[in-house]
Amino acid sequence: MRIIFATHNKNKMIEVRAILKDVASEIIAKSELGIDFEPVETGKTFAQNSELKAVGIRNYMQAHDMLQDDDIIMSDDSGLCVNYMLGLPGIYSARYLGEDTSYDIKNARIIHELRHAEGEERAAHFTCDICAAFADGRIFHAEGLFEGLIAKEPSGEHGFGYDPILYLPEYGKTSAELSPEEKNAISHRGKALRKMKELLEKVLREDGASAGKEAAPSEQPFQRIIVMSDSHQRDENVKAVLQKVGMVDILIHLGDAEGSEGRISQYAGDGVHCYFILGNNDFFSKLPKEYELKIGKHKALLTHGHYYGVSMDVENLVDEAIARGCDIAMYGHTHKPFLRVIRGVTVLNPGSISFPRQVDHRPSYLIIDVDAEGELHYKQQYLDRY
Ligand code: IMP
């Protein structure tokens, strides 16, 4: 298993390798794979920007046939947030006062901005968000903070950027006065990387993928669920997928089957429980607009998603799932695969089985294996992988 880190920065790679060495057999900088593509950071938050970078590189690798099935593409985004400046420079830290402006000038300006601030009013922190984009479509985030006060004057020779002006009261030093080892032990990036390490170890353990082993008979799923959406009457892909996947216990279709429900149930076979949800193109249909389904230990809200504005973001859908006591929210409509835990809710979209709109345009669906303990294991799948 490889971790490809989206950076050119050699110092970052040293820290990343030191912390993640036990998680992956190879930890590679994207430049070592000859990738000089730089996704544009148009996000409004650190998390959005780190995700844009990780997903951008993953899509680039996919499009250039460089992506291996168990690759994890990782990226980070960090910056300094100054309370007195309402969180600025924040995501603009590198660009603050211009990309080429020296940090002597940037630091002097921040100190000047805070000339009337005293004590806690000078609070500031570095933030780092790390995003891991799995080749199979899953996305994970980990965040770390490094808190201090803006110093009244810069001090220290170590580090880089804004380190000379982040004063750490408990050390009586600025971040630039710490040795690199001291800083890594408490820094935002170190914390985020260690959190990510824990997260990955858990996910890989659950996947059984860390050892690359086949599931032992006792680990065979107790129940298998296939989730698909937006087939829009192009049913040959549905048929092909069901033939490849073989036996499933439950089929969930999240809308816009456009009258093919009978045919799809037939393809699924006898004894398969099929749940069809109303999509925005299922005119004159009596299908339910949404449905709450118990799956293992969990409860899922099934919806097409257009009532929740999922084309913009999934926040309304997450609110609704929480209000209904659901810890899973499934939707379709966007034709783009999505799988993420947001505020404790696993939010997923299998993408479209017939008219995919994500960058690589591969028809997609999702498999959920329910184990004997009622825990769920998600696998984003693509038609051309079978
Ligand atoms: P990046 O996302 O790691 O490239 O960081 C963006 C910008 O945030 C950098 O160019 C710095 O201005 C600032 N920054 C991030 N981390 C640190 C740090 O540890 N020390 C000082 N400045 C930092």
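The values are calculated or read from the model by the stated rules, or taken from the named source; none is laboratory data. Please read all numbers here as calculations on a predicted model, not as lab measurements. We place every Cβ from the backbone using ideal geometry, glycine too, and count neighbours over all the protein chains shown. Side chains are part of the model used for accessible areas, which takes the heavy atoms of the whole protein and leaves out ligands, DNA and RNA. Shrake-Rupley method; radii C 1.70, N 1.55, O 1.52, S 1.80 Å.
Summary table
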read-out	value
Sequence ranges 265-276, 333-344, ranked by mean other-Cβ count within 10 angstrom, highest first	333-344, 265-276
Stokes-Einstein D for segment 86-132, Kirkwood Rh over Cα pairs, 20 °C, 1.002 mPa s (µm²/s)	176 µm²/s
Subset of LYS106/LYS191; LYS21/LYS152; LYS53/LYS197; LYS30/LYS379 violating a 27 Å alpha-carbon distance limit	LYS21/LYS152
Segments 12-20, 66-74 sorted - mean Cβ within 10 Å per residue, highest first	66-74, 12-20
Area of GLU99 that stays accessible when all protein chains are in place (1.4 Å probe, Å², to 10)	120 Å²
Translational diffusion of segment 120-191, µm² s⁻¹ [Kirkwood Rh, Cα pairs; Stokes-Einstein; 25 °C; 0.890 mPa s]	188 µm²/s
Over segment 1-106, equivalent-ellipsoid semi-axes from the Cα gyration tensor in Å	28, 15, 13
Solvent exposure of segment 241-303 as accessible area per residue, Å², 1.4 Å probe	52 Å²
Accessible area (Å², per residue) of segment 2-91, counting only protein heavy atoms and a probe of 1.4 Å	47 Å²
Long-range tail of P(r) for segment 81-227 (Cα pairs > 27 Å, %)	39 percent
Estimated dipole of the chain in Debye, rounded to 20 [Cβ of Lys and Arg +1, of Asp and Glu -1, Cα centre]	260 debye
Peptides 359-371, 121-133, 240-252 ordered by average Cβ neighbours within 10 Å, highest first	121-133, 359-371, 240-252
Segment 140-203, accessible area per residue, ligands and nucleic acids excluded (1.4 Å, Å²)	49 Å²
Counting all C-alpha pairs of segment 232-380, share separated by more than 24 Å (%)	27 percent
Principal axes of segment 268-347: Cα extent on each, largest first, Å	36, 29, 22
Accessible surface ranking that places the most exposed of TYR60, TYR307 first, with a 1.4 angstrom probe	TYR307, TYR60
Heavy-atom accessible area order for LEU178, LEU52, largest first, 1.4 Å probe	LEU52, LEU178
Overall form of segment 329-386 per C-alpha gyration tensor (a/c, 1.5; a/b vs b/c)	oblate
37 °C / 0.692 mPa s Stokes-Einstein diffusion coefficient of the chain, Kirkwood radius on C-alpha pairs, µm²/s	144 µm²/s
